[in-house]
Amino acid sequence: MSNEVINKVKSTNQKYLKKNLENIPVKVMSQLENMDWTYLDLINQEVKPRGTFSPIEAMELSEIEANKSSLKEKGLEAIKAGKVAAILLAGGQGTRLGFDKAKGMFNIGETKELYIFEQLINNMMDVTNDAGCFIPLYIMTSEKNDKDTREFFEEHNYFGYDKNFVKFFVQDMAPATDFEGNLLLESEDSLAMSPNGNGGWFNSLIKAGLDEELKAKGIEWLNVFGVDNVLQRIADPVFVGATLESGCECASKVVRKANPDEKVGALCLENGKPSIVEYYELTPEMAEARNEKGTLLYGFGVTLNYLFKVEKLREISKNSLLPHIVKKKVPYLTEEGKLVKPEEPNAYKFELLIIDMIYMMDNCLGFEVERNKEFAPVKNAKGIDSVDTARELLKINGVNI
Ligand code: UTP
């Protein structure tokens with residue numbers, strides 16, 4: 001038993017652990033030993049104020065349309081040369097959807113089976129068919145869904161994708177605490193741990209030894225995308241071509257906000273550097289501000305589809321991101337050992353966010369896509385950004401569901 005851990009438990013006065021100090025189960029001990037204890041220091045720390053925001057320009061639809069064929073050609077050339085890979089972020093828990101398996105295993109079909117993973121692979125195959133080659137796909141899972149995800153792809157024969165081009169890697173976990181900083185137990189023999197957000201993906205990829213593979217294969221660009229958006233184009237040659245042409249080290253697919261108050265982060269500049277301002281960080285004046293053409297100044301919503309230059313990722317991987325503290329509902333054992341499933345948020349989780357990586361870039365190309373054609377996120381079961389809205393959009397776009 002590690003004395004160092006025991007001392008930490010004592011000095012931070014851990015309510016749920018201190019009673020059983022002589023007898024901490026092996027798994028909990030190992031979780032405590034491997035845990036980043038500095039998370040606890042963040043709880044009472046003041047949130048670092050944001051810098052000065054200003055609008056950013058994006059490559060808009062008309063400009064993309066006018067140059068589409070040359071951009072596409074440039075992008076396809078890079079893809080055919082094996083310089084582009086795709087990273088699917090699938091480690092989230094998708095609590096809002098209320099589906100107990102990995103979100104990608106959700107059947108979005110109506111009259112037939114069409115899993116979210118399958119739809120994403122279908123989208124990728126539009127490009128691989130065009131390019132005449134497969135694109136390496138790295139799928140980030142978490143300890144919670146890794147086994148299920150791998151088995152699901154195997155069972156479904158990778159939905160027609162060449163499995164030699166697909167690799168999985170597992171992201172790190174972070175603890176959850178109550179609002180006083182007490183680490184929560186999810187069972188007698190385990191802390192309540194959850195995936196550490198979508199911002200740690202490149203470091204998790206390095207940890208899994210896959211950066212060596214990127215080097216060996218000569219991969220220079222990574223198209224990182226979330227599991228939610230069933231209409232997104234992946235490794236889109238036009239997007240790749242536009243990014244290469246721009247000379248930027250990163251790019252983000254953006255959609256025009258549906259309205260000034262839409263709950264989506266917007267691409268912008270912060271202290272002159274590319275960044276993302278959350279909808280709740282905008283003053284009403286900023287949210288409504290428009291240019292002379294009537295376009296919202298903070299109106300380019302990010303869609304979690306980014307292209308990063310690998311060289312730059314390696315450079316920034318040495319600097320750590322600061323975790324965000326988010327309030328969530330986390331089931332836990334009381335001091336008496338009773339399991340509580342809270343109805344309201346009761347705990348802090350610590351998450352690294354990919355949006356913070358954008359601020360570490362020297363520049364970023366905003367690349368506009370048509371929201372009705374490329375943005376159908378599945379976040380909720382009903383209502384906005386839900387299974388229902390995504391199904392509607394798939395049908396409008398001619399996908400047989
Ligand atoms: P969300 O922000 O929607 O989080 O993730 P979530 O955990 O999936 O869902 P909710 O908030 O509980 O409903 C956006 C993307 O980031 C990935 C998700 O899988 C999704 O593709 N993600 C999120 C990770 O890969 N790891 C994480 O720890 C969190």
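The values are calculated or read from the model by the stated rules, or taken from the named source; none is laboratory data. If you're wondering where the values come from, they're calculated on a predicted model, not measured in any experiment. FYI the Cβ positions are ideal-geometry reconstructions off the backbone, even for glycines, and counts take in every protein chain you see. We work out accessible area using only protein heavy atoms, side chains counted, and drop any ligands, DNA or RNA first. Shrake-Rupley method; radii C 1.70, N 1.55, O 1.52, S 1.80 Å.
Overview of values
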| read-out | value |
| --- | --- |
| Residue tally, condition hydrophobic (A, V, I, L, M, F, W, C), in a helix (DSSP H, G or I) and either closer than 21 Å to Met357 by Cα or within 16 Å of the ligand (Cβ to nearest atom) (or both), over segment 209-251 | 6 |
| Pairs, first open to solvent by less than 90 Å² (accessible area, probe 1.4 Å) in segment 1-16, second small (Gly, Ala, Ser) and at pLDDT 95 or above, C-beta under 9 Å, six or more apart | Thr12/Gly181; Asn13/Gly181; Gln14/Gly181 |
| Segment 136-151, subset under 20 Å from Thr95 (Cα atoms) and in contact with a helix residue (DSSP H, G or I) (Cβ under 6 Å, 6 or more places away or on another chain), residue nearest to the ligand (Cβ to nearest atom) | Met140 |
| Residues of segment 252-289 that turn out to be hydroxyl-bearing (Ser, Thr, Tyr) and assigned to a loop (DSSP other than H, G, I, E, B), as a count | 1 |
| Filter result (without any contact (Cβ under 8 Å) to a residue 40 or more places away in the chain and part of a helix (DSSP H, G or I)) within segment 304-327 | Glu315 |
| Boolean, Glu278 is more than 21 Å from Thr149 (Cβ to Cβ) and under 17 Å from the mean Cα position of the chain (by Cα) | yes |
| Matching entry among Leu214, Leu184 (being under 16 Å from Lys309 (Cα atoms) and either of a type in the set (D, E, K, R) or in contact with a Pro (Cβ under 9 Å, 6 or more places away or on another chain) (or both)) | Leu214 |
| Residue match in segment 155-168 (condition: open to solvent by less than 70 Å² (accessible area, probe 1.4 Å), in contact with a strand residue (DSSP E or B) (Cβ under 7 Å, 6 or more places away or on another chain), of a type in the set (A, V, I, L, M) and without any contact (Cβ under 8 Å) to a residue 40 or more places away in the chain) | yes |
| Scope segment 347-359; condition assigned to a loop (DSSP other than H, G, I, E, B) and out of contact with any His (no Cβ under 9 Å at 6 or more places or on another chain); matching residues | Ile354, Tyr359 |
| Pairs with Cβ under 6 Å, 6+ apart, first in segment 82-101 and within 18 Å of Phe153 (Cβ to Cβ) and of a type in the set (A, V, I, L, M), second near the ligand (Cβ under 6 Å from one of its atoms) and open to solvent by 10 Å² or more (accessible area, probe 1.4 Å) | Leu89/Asn198; Ala90/Val227 |
| Ile121 vs. criteria farther than 28 Å from Asn346 by Cα, aliphatic (A, V, I, L, M) and either within 13 Å of the ligand (Cβ to nearest atom) or in a loop (DSSP other than H, G, I, E, B) (or both) | no |
| Looking only at segment 328-346, and only at residues there that are more than 15 Å from the ligand (Cβ to nearest atom) and outside any loop (DSSP other than H, G, I, E, B), the one that is most open to solvent (accessible area, probe 1.4 Å) | Leu339 |
| Matching residues in segment 85-112 - criterion: being open to solvent by 70 Å² or more (accessible area, probe 1.4 Å), more than 6 Å from the ligand (Cβ to nearest atom) and in contact with a Lys or Arg (Cβ under 8 Å, 6 or more places away or on another chain) | Glu110 |
| Those residues of segment 72-88 which are within 26 Å of the chain's Cα centre (by Cα) and among the small types (Gly, Ala, Ser), in sequence order | Gly75, Ala78, Gly82, Ala85, Ala86 |
| The lone exception for Gly197 - which of (1) within 13 Å of the ligand (Cβ to nearest atom); (2) on the phi < 0 side of the Ramachandran plot it fails | (2) |
| Qualifying position, being within 13 Å of the ligand (Cβ to nearest atom) and either of a type in the set (Lys, Arg) or within 19 Å of Gly226 (Cα to Cα) (or both), among Leu394, Leu353, Leu365 | Leu353 |
| Scan of segment 113-127 for residues that are buried (at least 20 other Cβ atoms within 10 Å of the Cβ) and over 17 Å from Val378 (Cβ atoms), ordered by number | Met124, Val127 |
